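No lab work stands behind these numbers, since they all come straight from the coordinates. Given the structure is predicted, the values throughout are model-derived calculations rather than measurements. Please note: Cβ atoms are built from the backbone with ideal geometry, for glycine as well, and neighbour counts cover all protein chains shown.
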Amino acid sequence: MSKVSILLPVYNSVTKTERTDFLQQMINSILNQTHKDLELLILDNQSVDNTLEICNGIASKDSRVKVYVDTERRPAEEAHNKLIGMADGEFAMLIADDDILNYHYIEALINTLKTNKDIDMAYTNGAYINRDNQIIQGLITNTDGMYDSEYYYDNFYKAIHKRKVLPIVYGIFKKEVLQSLMPYTPFDQLRANMDNLLMAKFFLNRHTIAFVNHNLFYYRHRDRSLNPEELDYMPTNPILIWVYYTRHQLYFYHAVCSLIEETNQGDLTESLKIATLDSCLNQSIVLLNWVARDLVKDEFEYAIIKEIYEQFKPIYELKLSCLAHTKEVLRTQQDTMRLRCKILEERVMEYIKTIVQDTTIVDDTQNVIKKIKTSLITQLNSV
């Protein structure tokens, strides 16, 4: 059999989920897999509840479970970086502390990987489950446009626009492939979009993927969203929170552009960068809807959000529909993106500066946009 290393960072799992049994259920679903050749590597990030006690209790009964206590506090992505160096398996996968695997999950994916030697990772379909393990809905309900193209750049384009990593990121990788994607280091203080960055790097490195359309992965549905009130670096004004998240998208764009440069994309370099910027601007309107739904507290703030939406509307309406494969299409897309950045910098951000007292984040975001716009103009002049 082929050994699979399962990487599990934990921190106050019992307190976080407000249940003592979720962690136990998840680990049981691993240890009861029909594929028995596995190791579960747990890195406890200095929990102060009984998470470590639960893990040690399980490890004392099954030698496949190895528990380590971290020497310092670190986020999950850094824990993954550390755990992959301890892995002995031919294959490796990431897992969260409250999800559940069907007992045939690993066997089904290993069979796929062993049968198709040129595939670098495989994942299954799955479902959302509630706190009582009841299925709420499927994870992937429309299988059209799955990551099955023979062209890596098409898979990248889909990934960068969809931003839906579930359940893909919890699939099984060839260990050397997963290891090559690490470390995946946060590109700003927010530390979000790390899973999306991982998958972008996966496809940019021309890795291949397979989809097994059976519901074998169960994702625990609970509130995992970032709460701005819990982040001391986050502004409290909903309008500025949106600006902060928009700036985060632009930082994400720069992080992906660095990957594009590092992976030698040749003639596709600028097309992939434009596609990434398109996706980041599109995400900003999604974030604006989130702010309006969850953070706005009164009619005045809602009226401002509504006006920002109207100012942003032309940017969204100019979104791209495909990856540029010719110089003519690329030039048109670059000019469109320059215009979209101009509207964001000179219309949307300038409007926001008239209604907020502290414009520091707005000014900084404008500077980021301006640099992107300048780069686009340079590219236009060179095409």
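Quick one: net charge of residue 151's neighbours, Cβ under 11 Å, K/R +1, D/E -1?
Here the charged neighbours net out to -1.
Within the set of other residues whose C-beta is less than 14 Å from the C-beta of residue 117, count the net charge using Lys and Arg as +1 and Asp and Glu as -1.
The answer is -2.
Residue 305: net charge of surrounding residues, Cβ under 15 Å, Lys/Arg +1, Asp/Glu -1, itself excluded?
-2
Cut-off under 27 Å on the C-alpha distance; same-chain residues fewer than 8 positions from residue 174 excluded. Which lysines are left, in chain and number order?
3, 36, 66, 82, 114, 117, 158, 162, 164, 201
Under the rule of -39500 (n - 2.57) per DSSP H run of 4 or more residues, summed and divided by the residues of the chain, what mean residue ellipticity at 222 nm is obtained, to the nearest 500 deg cm²/dmol?
-15500 deg cm²/dmol
Counting pairwise Cα distances across region 228-382, what percent come out greater than 21 angstrom?
Result: 45 percent of Cα pairs exceed 21 Å.
Could you give the distance between the Cα centres of region 194-268 and region 1-30, to the whole Å?
When both Cα centres are located, 24 Å separates them.
Under 15 Å from the 7 Å Cα→Cβ point of residue 381, by amide nitrogen: which residues of region 253-292?
Flagged as within label range: none.
Just to be sure I follow: if Rg is taken over the C-alpha atoms of region 284-363 and Rh is the Kirkwood radius over the same atoms, what is Rg/Rh?
Radius of gyration relative to Kirkwood radius: 1.07.
In degrees, nearest 10, range 0 to 90: what is the angle between the Cα axis of helix 299-317 and the longest Cα principal axis of the chain?
For 299-317 against the chain, the angle is about 80 degrees.
Using Cα centres only, tell me the gap between region 368-383 and region 309-328 in whole Å.
Region 368-383 and region 309-328 have Cα centres separated by 16 Å.
For region 4-220, what does the equivalent ellipsoid look like in terms of its semi-axes, each the square root of 5 times an eigenvalue of the Cα gyration tensor, given largest first in whole Å?
Each semi-axis is √(5λ); the values are 26, 19, 18 Å.
Could you give me D for region 122-273, from Stokes-Einstein at 4 °C and 1.567 mPa s, where the hydrodynamic radius is the Kirkwood radius over C-alpha pairs? Units µm² s⁻¹, please. List each step's numbers first, then the result.
Values: Rh = 17.2 Å.
D, rounded to a whole number, is 75 µm²/s.
Take every Cα-Cα distance within region 247-309, group them into 5 Å bins from 0 onward, and report for each bin the whole-number percent of pairs it holds.
4, 17, 21, 15, 13, 10, 8, 7, 4, 2, 0
Which value results for Rg/Rh of region 45-139 when Rg is the Cα radius of gyration and Rh the Kirkwood radius based on the inverse mean 1/r?
0.99
For residue 293 and residue 205, calculate 0.36 nm times their separation in residues minus their Cα-Cα distance, and state this gained length in nm to one decimal.
Extending this stretch completely gives an extra 27.9 nm.
Enumerate by residue number the GluC sites (Glu not before Pro) in region 250-299 meeting two conditions: DSSP loop (anything except H, G, I, E, B), and at most 14 other Cβ atoms within 10 Å of the site's Cβ. Each step should come with its number before you reach the end.
Details: sites: 261, 262, 270, 299; in loops: none.
Sites meeting the loop and neighbour criteria: none at all.
If each of residue 326 and residue 342 carries a label point 7 Å out from its Cα toward its Cβ, how far apart are those two points in nm?
2.5
Modelled label-to-label distance, residue 56 and residue 355, 7 Å Cα→beta-carbon offset: nm?
Result for the modelled spin labels: 5.5 nm.
Stick to Cα atoms and the Kirkwood definition of Rh, then tell me Rg/Rh for the chain.
Across the chain, the Cα-based Rg/Rh ratio is 0.99.
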